[in-house]
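S.K.: Sharing a structure with you now.
Nothing in this text is a laboratory measurement; each read-out follows from the coordinates by a stated rule. Everything numeric here is computed off the predicted structure, so don't read it as measured data. With ideal geometry, Cβ positions are generated from the backbone for all residues, glycine too; neighbour counts draw on all protein chains shown.
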Amino acid sequence: KLSTDKVECSQPIRIIHSLGQRNPVHCTGASKTLFSGMMNEENDRVIAERGLRSYTLYTITNRDQLFQEIERVRKEGVAFDNEELDIGVKCIAAPVSDRAGRVVTSIGISVPAQRFLPDAISRLGAEVKKAARENTKRLFLF
């Protein structure tokens, strides 16, 4: 059984998200991981239904650019939100798959943009991917 959980940062400046909060499908790390597990035809249907609205100057609003990003996520196993939904907030997420290899959820971390330095991106990306792999393995135990 999958659960939804979060761990709050102890730093005075932190990102607050409510569990179960719904976000746009095209501009968060978590949603890009879900897109990476879907066929492009399915992604097109979702985009047709919900659109590619701009939330910041950095939101990907072009279908071809979004599909390039989704393909990068498929290859690298990690997705980014570079202030695409909220200015000052960046995110790294990695997909969690079920026994059949389908992406069913993701694990991610949201960070204030000023803490998202190149060395942190690499380190946090590796940690998020590791946590996603561990959760994927847990799914195989059930």
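S.K.: Under 8 Å for C-alpha pairs, at least 6 residues apart: give me the relative contact order for segment 74-113, rounded to a whole percent.
M.R.: Reported as a whole number, the value is 35 percent.
S.K.: Can you work out D for segment 41-118 in µm² s⁻¹ from Stokes-Einstein, where Rh is the Kirkwood radius over C-alpha pairs, the temperature is 10 °C and the viscosity is 1.306 mPa s?
M.R.: In µm²/s, the coefficient is 115.
S.K.: Note the full-extension length gain between Glu49 and Phe140 as 0.36 nm times their separation in residues minus their Cα-Cα distance, in nm to one decimal.
M.R.: That works out to 29.4 nm of additional length.
S.K.: Can I ask one more? Setting aside same-chain residues fewer than 8 positions from Lys130, which aspartates and glutamates have a Cα under 12 Å from its Cα?
M.R.: none
S.K.: Skipping prolines and chain starts, which residues have an amide H placed within reach, meaning under 5 Å, of the one on Ser97, given they are 5 or more residues away or on another chain?
M.R.: Val104, Thr136
S.K.: Quick check on packing: order 47-60, 65-78 by the mean number of other C-beta atoms within 10 Å, highest mean leading.
M.R.: Numbers: 47-60: 13.4, 65-78: 16.1.
Top of the packing list down: 65-78, 47-60.
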